[in-house]
Amino acid sequence: MFTFPFTNFAGTSPFVNEYSTTFNGTDETVRFGNAFSYTDNLSVFCWVSTGTLTTNTSLFSKWNAGITQRSWAIWITGGGKLRVSVSADGGTTNMKDYTDSAAGTIENNGWHFVGFTFVNNVLKLYVDGVEVTTSKGGDPIVSAIHAGTTDIWMGKDRNYSFAYYNGKVDEATVWTSTVLSGANIATLYNSGVPVDPSTLSLDGTLSHWWRLGDGDDATTVYDQVASADGTLSNMDASNYTTDVPS
């Protein structure tokens, strides 16, 4: 089985980031199954470099509107803004829906580090290591995120066929137990250069980490921390590219 060069995350060799994963915006996804259902103290981050986006696209999510199984979703809007939604009960009435209120900076503009933190009704969005001011399409009390039973997807969500992501993704992480602080997130951003998250002493627990190219093969992106491996759909090893954040 051919795999792309693997970097030992345990620290026995230097951290090298040589590959990212590209999505065509039409039919390419990575599916993780119903691998986890964190409801609080959740931080989700990844590196993105988008192509042209004409509508809201689903970057990374546990979200199925078709059967009212919404938990959390990271979107990039057609205007190149970060958007994050979290639901308390799987529906839209009890759903926070925040969008970066600044002019869109993500679309067709190189690599950016994006994500969110959530703890007990407090949702924060971050772009390039800095918390962003948000406009709120919905802001009810969400004490905890709906656990849900739907699968986790990258490149689209479970339900919307029009929401395929067009661009690249690299070094995705999920942190739990304690929400990451602003200083932690600035450390992860590292002035635009990815770092080995397993070597950092941050507030949260690194629960999942996908290299998205390095150490992966033609069918699977491997979870470097746990067992939430992702299965490539309509993709293969040719989707791994040497265009990486640096």
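Residues that are over 17 Å from LEU42 (Cα atoms), touching a residue at least 12 places away in the same chain (Cβ under 8 Å) and hydrophobic (A, V, I, L, M, F, W, C) do not occur anywhere in the stretch 176-189.
When the stretch 120-140 is limited to residues that are hydrophobic (A, V, I, L, M, F, W, C) and in contact with a strand residue (DSSP E or B) (Cβ under 9 Å, 6 or more places away or on another chain), the one that is farthest from LYS62 (Cα to Cα) turns out to be VAL132.
Scan the stretch 180-203 for residues that are assigned to a loop (DSSP other than H, G, I, E, B) and surrounded by 20 or more Cβ atoms within 10 Å (Cβ to Cβ) and jot them down. Even if it seems obvious, please write down each step before you answer.
So the first thing to find is which residues in the stretch 180-203 are assigned to a loop (DSSP other than H, G, I, E, B), and the list is 180-181, 193-196, 200-203.
The answer is LEU180, PRO194.
Meeting the requirement of 2 or more residues that are over 15 Å from the mean Cα position of the chain (by Cα), among the acidic types (Asp, Glu) and at pLDDT 95 or above, the strands (runs of 3 or more DSSP E) wholly within the stretch 29-131 are 95-100.
Could you count how many residues in the stretch 182-205 are of a type in the set (Val, Ile, Thr) and more than 20 Å from SER49 (Cβ to Cβ)? Counting residues in the stretch 182-205 that are of a type in the set (Val, Ile, Thr) and more than 20 Å from SER49 (Cβ to Cβ) gives 3. Of all the criteria given as (1) touching a helix residue (DSSP H, G or I) at 6+ places or on another chain (Cβ under 8 Å); (2) of a type outside the set (Asp, Glu); (3) at positive phi, the one not satisfied by GLY90 is (1). For the stretch 143-179, taking the residues that are at pLDDT below 95 and loosely packed, with under 15 Cβ neighbours inside 10 Å, the one that is nearest to VAL30 (Cα to Cα) is identified as SER161.
Restricting to the stretch 125-144, count the residues that are within 18 Å of ILE185 (Cα to Cα) and either among the hydrophobic types (A, V, I, L, M, F, W, C) or without any contact (Cβ under 8 Å) to a residue 12 or more places away in the chain (or both).
So the answer is 4.
Right, SER207: assigned to a strand (DSSP E or B), small (Gly, Ala, Ser), on the phi < 0 side of the Ramachandran plot and at pLDDT 95 or above or not? So SER207 passes the test. Being farther than 27 Å from PRO245 by Cβ, of a type in the set (D, E, K, R) and touching a Leu at 6+ places or on another chain (Cβ under 9 Å) narrows it down to one of ASP139, ASP170, so name that one. So the residue among ASP139, ASP170 that is farther than 27 Å from PRO245 by Cβ, of a type in the set (D, E, K, R) and touching a Leu at 6+ places or on another chain (Cβ under 9 Å) is ASP139. Of the residues that make up the stretch 68-83, is at least one aliphatic (A, V, I, L, M) and over 24 Å from THR231 (Cα atoms)? Yes: the stretch 68-83 contains one or more residues that are aliphatic (A, V, I, L, M) and over 24 Å from THR231 (Cα atoms). Just for the stretch 222-246: of the residues that are more than 22 Å from GLY51 (Cα to Cα) and of a type outside the set (Ser, Thr, Tyr), which one is surrounded by the most Cβ atoms within 10 Å (Cβ to Cβ)? Per the stated criteria, the residue is GLY230. Per the listing SER181, SER191, the residue uniquely farther than 23 Å from TYR19 by Cβ and out of contact with any His (no Cβ under 8 Å at 6 or more places or on another chain) is SER181. Note on the stretch 132-156: residues that are farther than 18 Å from TYR38 by Cα and assigned to a strand (DSSP E or B) amount to 5.
Scanning the stretch 126-142 for residues that are surrounded by fewer than 16 Cβ atoms within 10 Å (Cβ to Cβ) and acidic (Asp, Glu) yields GLU131, ASP139.
The values are calculated or read from the model by the stated rules, or taken from the named source; none is laboratory data. Here the structure is a predicted model, which is why all the values come from computation and not from measurement. Reconstructed Cβ throughout: ideal geometry from the backbone, glycine too, with neighbour counts over all protein chains shown.
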